[in-house]
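Q: I have a structure here, written as structure tokens, and I will follow up with some questions on it.
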Amino acid sequence: MRPASKTLSGIVLALLALGLLTAMSGRTLAHTLEAFLSPATLNFDAADTSVSPYAVDATNYLARFGISLSGVTAGTKVVIVNSQSSLYGGTAAQASSPPNVLTQGSSKDPVTFTLDFGAALDSVSFTRATLLAGPSGITHPEWSAHALNAAGAEVALDGESLISSYSNVPARTFTLTGPGITSLRFDSDSHHSAAFSAVLLDDLVLTPEIIVTITPTPTATATPAITPVPTPANPLELSPYKATGYRYKVIGSSTTPPAGFEQPGFDDSAWSTGDAAFGAGGIGNCTLEQTVRTSWPVDTRLVVRRVVTIPSGVTSVRVMVAIDNDIVGVYFNGTAISGAVSQSGCPALDEHRLDVPQSLIRSGSNLVAFHVRHYTGIASFFDTRILGEYTTISPTPTPTATPTAAATLTGTPTPTAAATPTNAVPTPSESSPPEDLARNSSKVGYPHPLESDNGWGGGRDKWGIVDGVRYYPAWDSGLAFTGGKQPYIEPCGWRQATINFGKPTTFDRVVVWHHGLEHVPNTYKIQYWNGTQWVDVFSTSNGRSYLKKFPTRSPRYWWEDWSTATENSFAPVTASKVRFALNNCDITHGWIYEFEAYYDGTSVTPTPTLTPTATATWTPTATPTPTPDGGPPSPPSVGTEVSYSRGWNIVAGPGGTVFSQANRMLYTSQGSGGYDVLINTQGVTEGWGYWANFPGDTTVIISQTGSTSYSTSLTAGQMKMVGNPSGTSSATVKADRIYIYDPKNGYAMSLGTATLPVGAGAWVYSAAGGTVTVTAQ
């Protein structure tokens with residue numbers, strides 16, 4: 001397969017020579033050239049698997065397409081297998097294009113491998129083979145696919161939970177799409193019970209990335225091929241938990257580590273190579289002990305080194321550590337970023353965060369070194385992951401998903417006898433409504449529940465808790481935890497289900513549907529991720545006080561009355577993740593059918609009332625008349641009325657202006673490579689633009705006069721959000737490019753100058769750098 005950029009440049013030159021290309025947008029050109037860049041398809045059938053053992057190493061076949069293998073779990077191979085001969089004599093699986101499939105063998109433990117492509121791709125698709133159920137059914141491993149770019153950042157993911165079925169399971173095709181895909185990592189876990197070690201793959205389709213460089217003629221109507229708009233700083237996993245290829249050395253409990261082991265130039269060639277996690281696991285009562293892959297004996301010290309590649313543009317790096325017992329020191333490029341940290345109790349992922357000073361971060365290779373010790377208890381443990389933040393380029397913002405807002409009323413709302421109390425008993429429903437922010441029945445992308453604890457038995461499907469289904473036609477569904485009063489598989493303790501929205505999302509209510517009253521936890525908490533740690537937003541030790549009351553009815557299925565919901569409301573929070581954590585030591589073990597999240601914009605404890613819940617806007621048309629029961633209405637607000645549509649808007653105003661009708665968080669980018677967050681009760685900075693998300697069409701009164709001019713500097717190639725500083729007049733903004741956003745129509749781009757009404761902001765861009773001015777007219 002030829003690199004896409006070379007193929008494209010040849011086509012461009014040929015078409016230019018023929019006079020078939022004129023000045024056009026990059027996207028139009030890309031569409032013109034699609035026919036010349038055909039995807040490559042690998043069906044694996046050219047490999048000869050006709051002779052016993054009906055399987056061959058996949059390396060040579062993949063190399064024909066410019067694909068190499070990396071990160072293959074030690075002791076396993078990536079192979080091409082004849083599904084009609086090798087997989088239980090053809091009775092267990094069928095290739096979508098017979099006879100061969102690609103898979104990994106052989107291990108009952110979790111395995112991984114990565115396909116590295118010879119050129120950047122726009123998308124990768126593949127088909128999980130058909131599964132054939134025999135008299136005892138069929139099982140297939142839990143697996144996930146991670147599309148990565150050249151910097152190692154994950155740009156797309158997909159996968160399936162462990163499959164257990166007594167009927168045939170049809171083949172399923174998956175497509176991962178993202179900018180500049182250069183590798184694809186497959187992680188599989190058979191849970192020591194599946195019929196195969198790893199996912200069975202067929203019909204791998206590689207779609208080359210179309211790279212177009214066009215310099216459009218600057219005109220008033222010119223539009224770039226792709227509008228370069230920064231999105232919020234995204235977490236980039238530079239090195240994951242359970243990573244492979246660490247260099248390590250175990251030393252005595254009172255032994256000093258080798259001198260200079262933390263320095264990049266230290267020679268660790270004589271050290272051992274191992275895979276995380278490290279420890280003497282499997283003998284204690286801590287969940288993470290089951291993930292140990294490299295031995296670290298108790299009552300010893302461990303020194304570990306790892307080279308991490310950091311792409312240019314990363315704005316911050318942090319090291320997350322899970323440890324039992326103590327951190328002695330952590331070093332980044334030879335400099336200590338942590339001293340001694342004492343740890344007691346079971347280790348927890350992301351429990352310890354160490355921020356790396358920006359001065360230590362280099363583009364390219366960086367060394368991270370650890371000195372840890374175990375001194376008490378029966379089990380040791382160490383694992384780490386390393387995260388960074390960077391700015392991506394996207395044609396659209398990444399707005400928070402917002403449920404459909406209540407209708408806006410005009411005039412004075414009048415209660416009627418037919419009005420429904422806001423806390424009336426709800427009508428039972430088979431599924432969650434569209435307003436459920438966690439719902440994802442497609443089981444692709446975000447929101448996803450894949451960071452939840454693993455399930456077991458008939459409740460292994462993490463995706464089941466976001467599929468919108470509250471009652472199943474079979475009892476063995478959803479996510480069942482280990483542990484409980486009579487420990488199932490593992491000792492009892494805290495378990496969690498996490499929803500990753502993939503973007504900042506505002507919510508104030510969580511409903512969790514449990515598989516029967518015996519699985520409703522007494523002790524649980526609801527938490528949100530603030531970017532650094534989990535923060536409690538609700539907790540209780542009397543969980544059954546929060547059961548969601550449904551009217552009694554005759555169930556259609558014998559298990560239907562087991563589906564029992566808890567409901568909790570709280571002050572609105574904005575976060576990218578929400579977690580339901582429960583302690584199952586005094587219940588059966590905990591089993592979740594559905595995890596729902598909502599934004600109602602209501603108070604923490606709803607009060608019965610006959611007043612409609614819709615927001616009412618009242619504009620007086622005559623002189624207010626005093627009323628005898630409460631005094632006269634407030635005087636009308638004086639200032640400039642600004643209308644905003646439902647959804648994301650770029651807002652601005654005089655210093656101190658508050659956009660209280662918007663969701664709790666505002667976001668601004670001032671050239672630092674990411675977003676800064678502002679609580680919307682604090683007031684904006686004059687001349688800055690902010691993303692504000694309004695739950696409905698809204699009118700804001702900007703009452704202050706403000707300034708007539710605002711200036712800011714831009715470095716070459718930088719973008720920044722600016723806004724009209726005046727509360728009374730429109731303003732002219734001057735920059736190379738100005739991007740104005742409308743929530744209904746998206747972006748519009750102007751060259752040189754643009755007009756910003758009162759209350760409006762925009763993105764500005766400078767190719768060479770310089771000063772941007774915003775001047776009131």
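Q: If a residue must be over 30 Å from ASP676 (Cα atoms), assigned to a strand (DSSP E or B) and not β-branched (Val, Ile, Thr), how many such residues does the stretch 313-343 contain?
A: 3
Q: Can you report the number of residues in the stretch 714-726 which are buried (at least 22 other Cβ atoms within 10 Å of the Cβ) and assigned to a loop (DSSP other than H, G, I, E, B)?
A: Our first condition is that a residue be buried (at least 22 other Cβ atoms within 10 Å of the Cβ); within the stretch 714-726, this holds for 720-726.
Those still in the list that are assigned to a loop (DSSP other than H, G, I, E, B) too: 724-725.
Number of matching residues: 2.
Q: Exactly one condition in (1) at pLDDT 90 or above; (2) surrounded by 14 or more Cβ atoms within 10 Å (Cβ to Cβ); (3) in a strand (DSSP E or B) is false for ASP268; which is it?
A: Looking at each condition in turn, ASP268 falls short on (3).
Q: Only residues that are open to solvent by less than 10 Å² (accessible area, probe 1.4 Å), without any contact (Cβ under 8 Å) to a residue 60 or more places away in the chain and not aromatic (Phe, Trp, Tyr): list them for the stretch 473-526, please.
A: Result: ILE526, single match.
Q: Taking the stretch 263-319 only, how many residues are in contact with a Gly (Cβ under 8 Å, 6 or more places away or on another chain), aliphatic (A, V, I, L, M) and closer than 25 Å to ASN454 by Cβ?
A: Number of matching residues: 2.
Q: While we're looking at this one, here's another question. State all residues of the stretch 125-146 that are open to solvent by 10 Å² or more (accessible area, probe 1.4 Å) and outside any strand (DSSP E or B); if no residue qualifies, say none.
A: Those that are open to solvent by 10 Å² or more (accessible area, probe 1.4 Å) and outside any strand (DSSP E or B): LEU132, ALA133, PRO135, SER136.
Q: Does ALA120 satisfy the criteria of being over 15 Å from PHE186 (Cα atoms), of a type in the set (Gly, Ala, Ser), touching a residue at least 60 places away in the same chain (Cβ under 8 Å) and buried (at least 21 other Cβ atoms within 10 Å of the Cβ)? Explain how you work it out, then say what you get.
A: Details: over 15 Å from PHE186 (Cα atoms): yes; of a type in the set (Gly, Ala, Ser): yes; touching a residue at least 60 places away in the same chain (Cβ under 8 Å): yes; buried (at least 21 other Cβ atoms within 10 Å of the Cβ): no.
No.
Q: In addition: Counting just the residues of the stretch 337-359 that are without any contact (Cβ under 8 Å) to a residue 40 or more places away in the chain and among the hydrophobic types (A, V, I, L, M, F, W, C), which one comes out nearest to LEU238 (Cα to Cα)?
A: LEU354
Q: Continuing with the same structure: Being more than 32 Å from the chain's Cα centre (by Cα) and modelled with pLDDT of 60 or more is the filter here; which residues of the stretch 534-570 pass it? Spell out the reasoning first.
A: First pass over the stretch 534-570, keeping only residues more than 32 Å from the chain's Cα centre (by Cα): 545, 549-561.
Matches in the stretch 534-570: SER545 only.
Q: Does ILE701 satisfy the criteria of being open to solvent by 20 Å² or more (accessible area, probe 1.4 Å), aliphatic (A, V, I, L, M) and either assigned to a strand (DSSP E or B) or touching a Leu at 6+ places or on another chain (Cβ under 9 Å) (or both)? Talk me through it step by step, then tell me what you get.
A: Numbers: open to solvent by 20 Å² or more (accessible area, probe 1.4 Å): yes; aliphatic (A, V, I, L, M): yes; either assigned to a strand (DSSP E or B) or touching a Leu at 6+ places or on another chain (Cβ under 9 Å) (or both): yes.
For ILE701, the condition - open to solvent by 20 Å² or more (accessible area, probe 1.4 Å), aliphatic (A, V, I, L, M) and either assigned to a strand (DSSP E or B) or touching a Leu at 6+ places or on another chain (Cβ under 9 Å) (or both) - is met.
Q: Before we move on, is THR175 open to solvent by 30 Å² or more (accessible area, probe 1.4 Å), closer than 22 Å to ASP461 by Cα and hydroxyl-bearing (Ser, Thr, Tyr)? Outline the logic, then answer.
A: Working: open to solvent by 30 Å² or more (accessible area, probe 1.4 Å): yes; closer than 22 Å to ASP461 by Cα: yes; hydroxyl-bearing (Ser, Thr, Tyr): yes.
Yes: the conditions hold for THR175.
Q: Here is a follow-up. For the stretch 659-671, indicate whether the set of residues that are modelled with pLDDT of 90 or more and among the basic types (Lys, Arg) is non-empty.
A: no
Q: Where residues in the stretch 437-469 are in a loop (DSSP other than H, G, I, E, B) and charged (D, E, K, R), which of them is surrounded by the fewest Cβ atoms within 10 Å (Cβ to Cβ)?
A: Restricting attention to the stretch 437-469, the residues satisfying the condition of being in a loop (DSSP other than H, G, I, E, B) are 437-447, 449-455, 457-458, 461, 467-468.
From what's left, charged (D, E, K, R): 439, 443, 451, 453, 461, 467.
Working: ARG439: 22, LYS443: 18, GLU451: 15, ASP453: 19, ASP461: 22, ASP467: 21.
Result: GLU451.
Q: Let me ask you something else. Being β-branched (Val, Ile, Thr) and exposed (fewer than 15 other Cβ atoms within 10 Å of the Cβ) is the filter here; which residues of the stretch 44-58 pass it?
A: Within the stretch 44-58, the first condition is being β-branched (Val, Ile, Thr), and the residues that meet it are 49, 51, 56.
If the condition is that a residue be β-branched (Val, Ile, Thr) and exposed (fewer than 15 other Cβ atoms within 10 Å of the Cβ), then VAL51 is the only one that fits.
Q: So is GLY313 crowded, with 19+ Cβ neighbours inside 10 Å and on the phi > 0 side of the Ramachandran plot or not? So that I can check it myself, show each step before the final result.
A: Values: crowded, with 19+ Cβ neighbours inside 10 Å: no; on the phi > 0 side of the Ramachandran plot: yes.
Taking the combined requirement at face value, the residue does not satisfy it.
Residues checked against (1) open to solvent by 40 Å² or more (accessible area, probe 1.4 Å); (2) touching a Lys or Arg at 6+ places or on another chain (Cβ under 9 Å); (3) among the basic types (Lys, Arg); (4) not in a strand (DSSP E or B):
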position: ALA692; (1), (2), (3), (4): no, no, no, no
position: GLY696; (1), (2), (3), (4): no, yes, no, yes
position: THR712; (1), (2), (3), (4): no, yes, no, no
position: THR728; (1), (2), (3), (4): yes, no, no, yes
position: ARG737; (1), (2), (3), (4): yes, no, yes, no
position: ILE740; (1), (2), (3), (4): yes, no, no, no
position: TYR747; (1), (2), (3), (4): yes, no, no, no
position: THR755; (1), (2), (3), (4): yes, no, no, no
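Q: What pairs come out if I take residues in the stretch 692-706 that are at positive phi and pair them with residues that are among the hydrophobic types (A, V, I, L, M, F, W, C) whose C-beta lies under 9 Å away, six or more apart or interchain?
A: What qualifies is GLY706/VAL758; GLY706/ALA776.
Q: OK, next. Hey, any hits in the stretch 739-747 for a residue that's without any contact (Cβ under 8 Å) to a residue 60 or more places away in the chain, out of contact with any Leu (no Cβ under 6 Å at 6 or more places or on another chain) and small (Gly, Ala, Ser)?
A: Within the stretch 739-747, none of the residues are without any contact (Cβ under 8 Å) to a residue 60 or more places away in the chain, out of contact with any Leu (no Cβ under 6 Å at 6 or more places or on another chain) and small (Gly, Ala, Ser).
Q: Related question: Kindly provide the set of residues from the stretch 362-403 that are modelled with pLDDT under 90, of a type in the set (Val, Ile, Thr) and touching a strand residue (DSSP E or B) at 6+ places or on another chain (Cβ under 8 Å), ordered by number.
A: The answer is THR391, THR392, ILE393, THR396, THR398, THR400, THR402.
The values are calculated or read from the model by the stated rules, or taken from the named source; none is laboratory data. What you are looking at is a predicted structure, and each value in this text was computed from that prediction instead of being measured. Note that each Cβ is placed from the backbone with ideal geometry, even for glycine, and that neighbours are counted across all protein chains shown. We work out accessible area using only protein heavy atoms, side chains counted, and drop any ligands, DNA or RNA first. Shrake-Rupley method; radii C 1.70, N 1.55, O 1.52, S 1.80 Å.
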